Each structure stands twice: as C-alpha cells, then as structure tokens.
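Written below as structure tokens is the structure these notes are about.
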C-alpha cells in the first residue's frame with residue numbers, strides 16, 4: 001500500500017486552494033502537513049479520503065485503506081464509550097475494541113456515556129476509532145486538539161506503533177507529536193494563485209515577488 | 001448493516017431521540033379533531049380515513065430532518081461515507097430505522113384512534129393494511145428529502161416543502177383504500193398503486209439519496 005499524489009489541485013467552496021502538489025507516502029512512514037490557516041490542509045485530507053473529487057491530478061490509494069479522522073469525532077452522546085467503538089468496529093468488520101480502549105487509555109471510562117466525557121477524553125475516543133477500523137492509511141486532521149501533553153505523548157506512541165506495524169499516516173498538525181522519523185511537507189509553496197492574478201499561474205509572483 | 005440499524009434504533013429510544021414525537025402528534029390530532037368537528041351526523045366517520053392518513057403523514061414529517069442532520073453535525077456521516085458500507089445501504093438502513101420508530105408505531109396505534117374518529121367497522125383492517133404498506137414509502141421519500149438538505153442549517157422548512165408534493169400520491173391512494181374499504185367497495189386498485197409507490201421508492205430513492213449526500217459532503 002502506497003499513497004501517491006501527482007500534480008494535484010484541490011478546491012474549497014469552488015475556490016482553488018492548492019495546486020501542483022505531488023508526493024508519495026510509503027507504508028511505515030508518516031508525513032506531517034504544515035501550513036498557515038486556510039492553506040487547504042483539511043481540503044487536501046478530505047480529497048484524499050474520497051469525500052470530494054480533486055480538481056485535477058491523480059491520487060492513487062485504495063479507498064478501503066483509508067481511515068479518516070476529522071475535527072468532529074463522530075461520537076454519539078447517548079452511547080457509552082464502548083458502544084461507540086463497538087459500532088465502528090461492526091461497520092468495519094473488526095473486533096479490536098478492547099485493544100483500542102487499552103491503547104488510548106479509555107478502559108476505566110468504557111461504560112461512561114460519551115456526553116459525560118471531557119473534551120480531551122472525547123478526542124481520545126475519537127482517535128481510538130482509528131484503531132478499530134483496522135485500516136492502514138490514517139488521514140488525521142489536527143488530531144491533538146484539546147489533548148493534554150500526556151495524551152499527545154500517548155497518541156504519538158500509538159501512531160509510532162501503527163507505523164511499525166506497516167501502516168502509514170498523513171497528519172495535519174502544528175504540534176510536535178514526537179515522531180522523529182516523520183517527514184514534513186510545507187503546503188505554503190503550493191498555494192494556488194488567486195484568479196485575480198490572471199489564470200496564468202505565477203504572473204503575480206513574477207511582477208511583485 | 002445490522003450494526004447501523006441497531007445503533008439508530010438505540011439512539012431513537014434513548015433520551016432525546018425523538019421516538020415519541022410523531023406518535024404524540026398523531027395522538028393529539030386524533031383527539032382534537034372530533035372536538036373541533038363535533039358529533040352530529042356521519043361527518044366524523046366520513047372524514048376519518050383522510051384525517052388518519054394526513055395525521056400519519058405529518059407525524060412522519062416531524063422527525064425527517066433527524067435522519068441525516070444529526071450524523072452530519074457530529075461528523076459520523078463523513079466517517080460512514082469513508083467506511084466499507086456503501087452509502088446507498090446507509091440510506092436504506094436509516095430509512096428502515098426511521099420507519100421502525102415512526103411508521104410501525106403509527107400503524108399499530110391507528111385502529112385505536114380510528115375509534116375516536118368513529119371510523120366504520122369495515123375500515124379498520126384496511127386502515128392498518130394501508131398504513132403498513134404506505135408508511136415505508138413515507139420514510140424512504142423522506143430520507144431522500146433529508147439527503148437533499150443535509151448540511152443546510154435548519155433545513156426543516158425546505159425539507160417539508162420538498163417532500164410534501166412527493167407525499168401526495170401516497171396520501172391519495174392510502175386514504176382511498178381506507179375510504180373504499182369503510183364503504184365496502186372494491187379496494188384492489190388503490191391498494192396496488194400504494195404498494196407500487198412503496199416498492200418503486202424503496203428501489204430507486206436510496207440511490208438518488210446517496211448521490212445527493214455525496215454532493216452535499218463536498
């Protein structure tokens with residue numbers, strides 16, 4: 001399993017935000033997406049997850065390899081921690097609930113309603129869902145939001161174990177997850193030129209840059 | 001698929017799930033209409049089939065926007081769209097869950113409310129049969145409408161406007177079955193048309209709804 005992206009352009013709300021993007025991500029590797037707010041990190045991840053089509057370019061990645069984690073965790077407040085995970089395990093046809101609870105340090109909370117979790121605990125539950133999907137390519141959008149330092153370290157360890165088991169991760173984050181082996185992809189240089197600068201790419205930079 | 005169905009049923013039953021909403025509305029309507037119309041003559045018995053069908057339809061409409069809106073808001077819909085389950089199956093299962101928590105209870109309670117509305121004795125069997133045949137169509141058509149407005153903030157009004165015209169044939173044939181049945185006439189034609197609507201909606205609309213969701217998730 002390898003993710004390969006060539007000459008990709010993506011749009012948000014009909015506006016082209018990123019273009020000319022090419023990279024590869026092999027099994028066992030992690031890639032950190034960096035860039036200022038609004039550069040298109042979420043749009044890129046949604047495109048790779050298959051939720052929206054790319055404007056141009058190729059994405060080669062089997063859709064059944066993707067586990068996508070967005071800002072929203074997809075939790076049901078009136079279900080317990082274990083019920084939430086069991087649902088996603090059943091949808092994905094796996095039985096890794098117990099292990100996921102252990103790895104994300106949620107065992108003590110397993111019978112608590114998701115409504116009664118703190119923001120950080122909800123986030124941990126949302127990330128535990130990645131483990132029950134049993135999928136290889138993790139697409140993570142700001143996974144560490146509202147996690148404390150200990151939980152960030154815990155999650156860093158989970159990602160490292162996932163990589164060691166042959167998985168891969170594409171992570172949009174501003175926080176250091178402690179993944180020494182991860183490469184960083186700076187999205188700033190791929191920002192699409194504004195239409196006002198004339199459809200011709202790069203004119204604006206040539207004149208004013 | 002079973003997992004999604006049991007989750008949706010569980011969510012509907014637990015606090016804030018809106019399980020009793022449609023049922024309570026149906027009950028209120030059937031209690032209030034006789035008070036408004038009055039007891040004289042056979043008026044009440046004559047309009048009972050129409051009132052019961054209109055009530056069931058509006059009760060169904062009340063909970064439609066919950067089918068996808070809640071899953072959209074908490075991000076589950078994105079995750080379901082990337083899961084191994086085809087979106088068409090997600091729509092079909094969610095419509096089925098909606099029918100089980102609205103259509104089935106409405107069908108079961110309708111004969112009791114028929115008594116309140118002075119429905120002629122011959123009509124009861126046809127009332128239950130027509131609701132059992134017709135309410136699945138209401139849920140599937142409603143799921144299609146809900147898929148069209150998913151992502152629209154407070155899309156309830158838009159949803160009602162979109163769905164009501166699509167409900168009209170179901171209403172006409174459903175009420176016609178009960179009217180004819182109560183009057184002791186032949187019911188085969190409206191009954192077959194009602195079943196046809198349900199089958200066609202169930203066969204086609206999950207695909208249309210899944211396409212609408214894919215566009216709305218972009």
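Derivation of every value follows stated rules applied to the coordinates shown; laboratory data play no part. Keep in mind the model is a prediction, meaning the values are calculated, not measured. We place every Cβ from the backbone using ideal geometry, glycine too, and count neighbours over all the protein chains shown.
What to note about this one:
- Relative contact order of region B:132-207, taken over Cα pairs closer than 8 Å and 6 or more residues apart, is 48 percent.
- Chain A: angle of helix A:81-92 to the longest principal axis, Cα-based, in degrees nearest 10: 60 degrees
- Packing here is the average count of other Cβ atoms within 10 Å per residue, and on that basis the peptides B:112-118, B:77-83, highest first, run B:77-83, B:112-118.
- Using alpha-carbon coordinates, inclination of helix A:149-164 to the longest axis of chain A, degrees: 80 degrees
- Inter-chain Cβ neighbour average for residues A:110-117, partner chain, 10 Å: 1
- Ranked packing of B:58-66, A:65-73, most packed first, by mean Cβ within 10 Å: B:58-66, A:65-73
- 0 to 90° range, to nearest 10: angle between helix B:19-37 axis and chain B longest Cα axis: 30 degrees
- For B:43, B:135, order by how many other beta-carbon atoms lie within 10 Å, fewest first: B:43, B:135
- Convex hull of alpha carbon positions in chain B: directionally averaged projected area 11.8 nm².
- Mean separation of Cα contacts under 8 Å (6+ apart) over length of chain B, as relative contact order %: 27 percent
- Inter-chain shielding of A:72-79 (mean C-beta neighbours from other protein chains, 10 Å cut-off): 6
- DSSP assigns beta bridges within chain A; of those with both partners inside it, close to 45 percent run antiparallel.
- Measure of compaction for chain A (Cα Rg per 2.2 N^0.38 Å): 1.09
- Under the shape rule built on the C-alpha gyration tensor, where the axes satisfy a ≥ b ≥ c, region A:104-148 is oblate, since a/c reaches at least 1.5 while a/b does not exceed b/c.
- Only helical runs count toward this figure. For chain A, summing -39,500 (n - 2.57) over DSSP H runs of n ≥ 4 and dividing by all residues gives -9000 deg cm²/dmol at 222 nm.
- Tail beyond 14 Å, pair distance distribution of region B:166-218 (Cα, percent): 61 percent
- In the frame of its principal axes, the protein assembly as shown has Cα extents of 85, 56, 33 Å, reported largest first.
- Take each residue in A:63-71, count the other chain C-beta atoms within 10 Å of its C-beta, and the mean is 3.
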